[in-house]
1. If you take the beta carbon distance between Lys163 and Thr65 as r and set R0 to 41 Å, what does 1/(1 + (r/R0)^6) give as a FRET efficiency, to the nearest 0.05?
2. Would you kindly state how much longer the chain becomes between Arg448 and Asp356 on full extension, computed as 0.36 nm times their sequence separation minus their alpha carbon distance, in nm to one decimal?
3. Describe numerically, in nm with one decimal, the distance between label points set 7 Å from Cα along Cα→Cβ at Lys106 and at Thr248.
4. Taking 60 Å as R0, compute the FRET efficiency from the Cβ-Cβ separation of Asp255 and Gln43 and round it to 0.05.
5. Let a ≥ b ≥ c be the square roots of the eigenvalues of the Cα gyration tensor of the range 99-219; is it rounded (a/c under 1.5), or, if not, prolate (a/b larger than b/c) or oblate?
6. Using a Cα-Cα cut-off of under 25 Å, which lysines could be cross-linked to Lys401, ignoring same-chain neighbours fewer than 8 residues away?
7. Starting from the range 210-270, pick out the GluC sites (Glu not before Pro) whose DSSP state is loop and whose Cβ has at most 16 other Cβ atoms within 10 Å.
8. Would you mind computing, in nm to one decimal, how far apart the modelled labels at Lys332 and Asp396 are, each placed 7 Å from Cα along Cα→Cβ?
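We did not get these values from a lab; they are worked out from the coordinates using the rules stated. Here the structure is a predicted model, which means the values were calculated and not measured. Note: ideal-geometry Cβ built from the backbone for every residue, glycine included; neighbour counts use all protein chains shown.
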Amino acid sequence: MKVRYRATAGLAVLAMAVAACGGGGGSESKKPNAEQSQQAQQQMAETPAIDINPVPYEQVKDGGTLTLAIGQWPTQWNGNHVDGNQADTAVMLDVFMPQLMMSDEKAEFTPNADYVTDVKNEMVDGKQVVTYTFNDKAVWSDGTPMTWEDIEATAKAQSGKDKKFKPASTDGWDKIESVKKGDSDKVAIITFAKPYSEWQGMFNRGTSHLFPAKHLKTPEAYDNDYKQKIPATAGPFKVEKIDEGTKTLTLVRDDKWWGKKAKLDKVIFRAIADPAAEMNAFANGEIDSMEVLAGNPADLKRAKEVPGAAIRKSLSPNWAHITVNNQSEFLKDKSVRHAVAYAINRDVITQAGLKDMEWPQQTLGNHVFMNNHKGYVDNSGDLGKYNLDKAKQLLDAAGWKQEGEYRKKDGKEFALDFVIPASTPMSKTIGELTQAMLKEAGIKVTIRPVPDDKFFTDFIIKGDFDLVPFAWIGTPLPLGSMPQIYKTGSESNFPKASDPAVDAAIQAAVDEMDPAKAIQLANEADKLIWDMVHTIPLYQRPDIRPVKSTLANYGARGYKYYDWSAVGFTS
C-alpha cells in the first residue's frame, strides 16, 4: 500500500459535524439509520469498477501534452524505499518505470509483454517457484540490459535481512529462499521458502516498480541513487527535466522504447499541494485532470460546470483513517487507546467527508477489505461504535481523573498531538472534529500543522505524533497490506504497534494459499488489529476525477493499471 494525505473540506461541514457529535455523554452514535445504510449499499453496487473512457490504441490521436497535478513532491524516487512509498510518487513512476505484471479492472493479473515474455508460477519439489523471462529488447535507458540481477538485487534489499536497507515493506520478499539465473541472463528463477499467494503484486505499483540492480545493491545506492534524481528509466517515456524549484517533472516520449509508441508527446506533472489551487488550475485549463477530494462538494459542483469536462468515478481500494501512536507517552496503555476509539464518532467524520459528494456514506469497518470487496466484514464490533460513557469509564480505571476541563494523572495533563499537513483542510477538519470529541472525554488535543513535504519523512516515519490522519492507497491484492502496516518491525508500521497474536494471525492469513480460507483468516486478524487500536478506519475514499472529456484511457481506474502508451486525446 502507498500512503497519501491529501483531502479537503469546508468550515460549514465542520460546524455541522461538531454539532452532531456534541452534547451529552450517552452511548448512542449519530449512525446512519437502516434506510440510509441500505441506500449507501445500493449506491456502492451502482458505482462502476472503472471509468477511463476506453478507446482503441489506433483511434487515439498522435501527439499532445498531458498535464497532471500531484499533491506531494517526492525527495525519494526509489519506490521500494520507505521514504518513496507515496501514492503520488507511484503515479509518476508508472509512466517511465517497469511493471512486470498488470492488473485489470477485475483485479486479475497478466504479464506485461513489454518487459516479460513469460511468467510461470508452479510448485517444484514442494516449493513455489516463479520464473520471469525478460523480453530480449528490455533495456534500461543507460543501455544496461534488464536481467535476472535486477530481480535478485530487489529481493535482497527488500528481504529485511540487512537492516541497513529501509524497505517500505518486506512482505513476500522475506519468504524468498533464492533468486537464481536461468538458462540465460534474461531468466530469473525465484524460489520461495514458504508459499506467497500475492506474488503477482511484486515488481509493480503493488509494491514498487522494477529498478536497476546497480542502484539497489548497497544500502548507500538504495538510499541515494534515486534521491532527488532519476538516473535510469525503462518505459514509453523518459525524463526530460526535474525542476526542484517549481516541483515539476517533465517526461517526453522515449524514441528508444521497444513497445508501442506512446501516443502523447509529453507528460507533465506539477506539484499543487493546495486542492483549491488544483481546482483553479483545472478550471483554467492549466491541467487536464484533477481529483475531487472527500469533503469538498463545492469542487464537484464547480468541476461539472467546466466547459469540456467529464466526471469519471469508480470504486477504489483507498481509505481514510487516523493512525494512533502506540508508543506515545499517553497511548501506550491499550485500555487508554480503547477509550480514545470509543470517544471518536467515526460516523460523524464519515458524514463530514462524504456529504453531498454523490458517494456512498458508509463508515469502514475493516482494515483489510473495502466495503465493495467480497471479503468485507464489519469487524469493528463495540470498539467501532461511539460510546462516550465507556470512554470515560476506561480513562477513570486507567487513573486519568477529570480535573477541571481535562484529565490528569500524577499531576500531568492528558494532552495529545494531532499532526496534520498544513495545506490540507480535510485533515484539519478531522483534527478539529477529533479535538471536539476527545475534549468531551476530558482529553486535550492540540492540532499541529507541519510542512506538507516533511509530513511523512520528518513526522510520521519518525513517530513524531500522537494521532495523525492520512489515506492508504490500496492495491488489487489486499492481504499484502497486513504485514506491511500492522506487523511488528515493519518500516510502514508507523505507530510501532506490536502484538505477537496479531503477528501470528497475519502470518497465517498471508501463508494461506486457499483464497477463501485466506479471506477468513484475514478477517480474524482484522479483529485483533481493531483491538490493538493501531489505526481507526474512517471511510473508503471516493475516486472522483474530472478530466478533459477528450482524454482517452485515463480517469478513475479502480484496480486497473494504466497502459501509458495508449493514454492520449481523441481530438
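1. Details: r = 44 Å, r/R0 = 1.07.
So, using R0 = 41 Å, E works out to roughly 0.40.
2. Details: separation 92, 0.36 × 92 = 33.12 nm, distance 2.83 nm.
Here the answer is 30.3 nm.
3. Label at Lys106, label at Thr248, 4.3 nm between them.
4. On the way: r = 46 Å, r/R0 = 0.77.
Step by step, r from the Cβ atoms, then E = 0.85.
5. Numbers: a/c = 1.24, a/b = 1.02, b/c = 1.21.
Taking the square roots of the gyration eigenvalues as a ≥ b ≥ c, the range 99-219 is rounded.
6. Output for Lys401: Lys332, Lys334, Lys385, Lys390, Lys392, Lys409, Lys412, Lys439, Lys444.
7. On the way: sites: Glu220, Glu240, Glu244; in loops: Glu244.
Hits after loop and neighbour filter: Glu244.
8. The modelled label-to-label distance comes out at 2.6 nm.
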